[in-house]
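Structure, as C-alpha cells:
The values are calculated or read from the model by the stated rules, or taken from the named source; none is laboratory data. None of the values given here were measured: they were computed from a predicted structure. Every residue, glycine among them, receives a Cβ derived from its backbone with ideal geometry; neighbour counts consider all protein chains shown.
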Amino acid sequence: MLKDIPELKVEDVAFAIVKKEKDEQGESGWYVYLINMQEQPITGILITSTGYGKIDEFDRKSSTLRHFLENLPGRSFVKVEPIVEDVFMLSNEYWLSYFQGGNMYDKKFIFLPGSITEENFTTIPLMHTKGVLIKS
C-alpha cells in the first residue's frame, strides 16, 4: 500500500523574511512572505508558524499562528505575517501544505537561530528586494 502513495517533492516554493518600508503605523518592520516561483498556481494553502528554542538557558516557544490562503498564482508572492526581531534568536518554523494538480504537498521551512540578519540577505526572486530566503 505504501508503494501506491506518490512521493511528491515541493519545488520552487520559498519563504522570505524581508525588512520593508513603513507599515500602516509609519514604522519599519520585518515581514514573512510566501513565494510561488512555479508557473502553476497553488491552492488550499495552509501555513502554520511557530518559534522555539532557548533564550538565556530557558526553553522558549512563541504562539503558533495559522494562515489559510485560497490560492497563490504562479510567479507571485504574498505577505504572510509580520515578524518581530525578538524571535530572531529562536528557530522560526513555517509548515506549508497546499494542493496542486489534484495532489497535496507538504514541507517544513526553518529559519535557524541567528540566521535572520542583514549579513545573510540575498536578492529575493520576483520581489526584487533583499531579505533572507529559504527555497525548496
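Only one entry in 118, 85, 93 is in contact (Cβ under 8 Å) with a residue 24 or more places away in the chain and under 23 Å from residue 8 (Cβ atoms), namely 93. A single entry from 17, 55, 47 fulfils the requirement of being farther than 13 Å from residue 82 by Cα, of a type in the set (A, V, I, L, M, F, W, C), surrounded by 12 or more Cβ atoms within 10 Å (Cβ to Cβ) and in contact (Cβ under 8 Å) with a residue 40 or more places away in the chain: 47. Flag not set for residue 132, criterion: out of contact with any Asp or Glu (no Cβ under 8 Å at 6 or more places or on another chain), surrounded by fewer than 16 Cβ atoms within 10 Å (Cβ to Cβ), more than 13 Å from residue 34 (Cβ to Cβ) and of a type in the set (A, V, I, L, M).
Considering region 88-128, and only residues there that are under 24 Å from residue 45 (Cα atoms) and of a type in the set (Ser, Thr, Tyr), the residue that is nearest to the chain's Cα centre (by Cα) turns out to be 94. Each residue in region 1-50 was checked for being of a type outside the set (A, V, I, L, M) and not in a strand (DSSP E or B), and 16 pass. Against the criterion of being on the phi > 0 side of the Ramachandran plot, in contact with a strand residue (DSSP E or B) (Cβ under 6 Å, 6 or more places away or on another chain) and at pLDDT 95 or above, residue 96 does not qualify.
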